[in-house]
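Accompanying notes for the structure given below.
The values are calculated or read from the model by the stated rules, or taken from the named source; none is laboratory data. All figures in this text were calculated on a predicted structure; none of them were measured in a lab. All Cβ positions, glycine included, derive from the backbone under ideal geometry; neighbour counts span all protein chains shown.
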Amino acid sequence: MSAPPDAAADPIRTARLWRDDGWTARVIKNEDDDGWAVEMTRDGQSGPALVGPWTMGRDKKNPKPLDTAAFDTLVKTAAEVVRRHEQQRHAQLHKAFDVDAAGGRVTVTLDVVPDEDAPFAILAARDASGAELASHRVPAGHRLTARSAAEWVAAGCPRVGSD
């Protein structure tokens, strides 16, 4: 039986489990040693965005309880990890180079579409005003460098590869 759709919106604040603001912090036994860890999971995600060590309590056996300040810090840290991961993913899937051409500055972009069955990329050129000069589907593994972008524009933006 699944939880009601709005159950994730209800805050939970216990010593080892906090849920609020779209995040869940759960203190778990550290599998690598006798200590404790905390995992931060964004609502709707299947796995944690962040797992890190957690402080032992005064008895040196049990974990320190979660509190508002710790939860707020964990949310900030986990959100930053997610943001950096998204930036890295974007950088892997998107490349752009500005090229000086006879007609003025041209921006060449390569946007990879990571389809599981048939990944591909779009190689495109736009002039300084943003007007599209060319757009071609290319293999996902197409390599775009500043030099190849300049050569492609100089050649008149012909079709590249076959996809």
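Scanning region 13-36 for residues that are assigned to a strand (DSSP E or B), among the hydrophobic types (A, V, I, L, M, F, W, C) and over 18 Å from LYS76 (Cβ atoms) yields LEU17, ILE28, TRP36. Could you tell me whether region 37-51 includes any residue that is over 19 Å from the mean Cα position of the chain (by Cα) and either outside the structural domain of ALA140 (by TED's automatic domain parsing) or not in a helix (DSSP H, G or I) (or both)? Yes, region 37-51 has at least one match.
Residue-by-condition table, conditions (1) assigned to a helix (DSSP H, G or I); (2) exposed (fewer than 11 other Cβ atoms within 10 Å of the Cβ); (3) at pLDDT below 90:
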position	(1), (2), (3)
ALA96	no, no, no
VAL99	no, no, no
THR109	no, no, no
VAL112	no, no, no
ASP115	no, yes, yes
ALA124	no, no, no
ALA134	no, no, no
SER148	yes, no, no
PRO158	no, yes, no
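Within region 136-146, the set of residues being part of a loop (DSSP other than H, G, I, E, B) and exposed (fewer than 15 other Cβ atoms within 10 Å of the Cβ) comprises GLY141, ARG143, THR145. Closer than 30 Å to ASP20 by Cβ, surrounded by 10 or more Cβ atoms within 10 Å (Cβ to Cβ) and acidic (Asp, Glu) - does that describe any residue in region 64-71? Among the residues of region 64-71, at least one is closer than 30 Å to ASP20 by Cβ, surrounded by 10 or more Cβ atoms within 10 Å (Cβ to Cβ) and acidic (Asp, Glu), which makes the answer yes.
Filtering GLU80, GLU31, GLU86 for residues that are of a type in the set (Asp, Glu), at pLDDT 90 or above and either farther than 30 Å from THR109 by Cα or exposed (fewer than 12 other Cβ atoms within 10 Å of the Cβ) (or both) leaves a single hit, GLU86. Per the conditions (1) surrounded by fewer than 17 Cβ atoms within 10 Å (Cβ to Cβ); (2) touching a residue at least 24 places away in the same chain (Cβ under 8 Å); (3) not small (Gly, Ala, Ser), the sole criterion not satisfied by LYS61 is (2). Residues being outside the structural domain of VAL112 (by TED's automatic domain parsing) and either closer than 30 Å to VAL113 by Cβ or touching a Lys or Arg at 6+ places or on another chain (Cβ under 6 Å) (or both) are entirely absent from region 60-76. Can PHE120 be described as closer than 19 Å to LEU144 by Cα and among the aromatic types (Phe, Trp, Tyr)? In short, yes. GLN88 meets all of the listed conditions (1) under 23 Å from the mean Cα position of the chain (by Cα); (2) closer than 30 Å to LEU133 by Cβ; (3) in the same structural domain as SER135 (by TED's automatic domain parsing) but one, namely (3). Is there any pair with a first residue in region 93-110 that is closer than 18 Å to PRO139 by Cβ and a second that is in a strand (DSSP E or B) and of a type in the set (Ser, Thr, Tyr) whose Cβ atoms are under 8 Å apart and which are 6 or more apart or on different chains, and what are they? Here the result reads HIS94/THR109; LYS95/THR109, each pair linking region 93-110 to a residue that is in a strand (DSSP E or B) and of a type in the set (Ser, Thr, Tyr).
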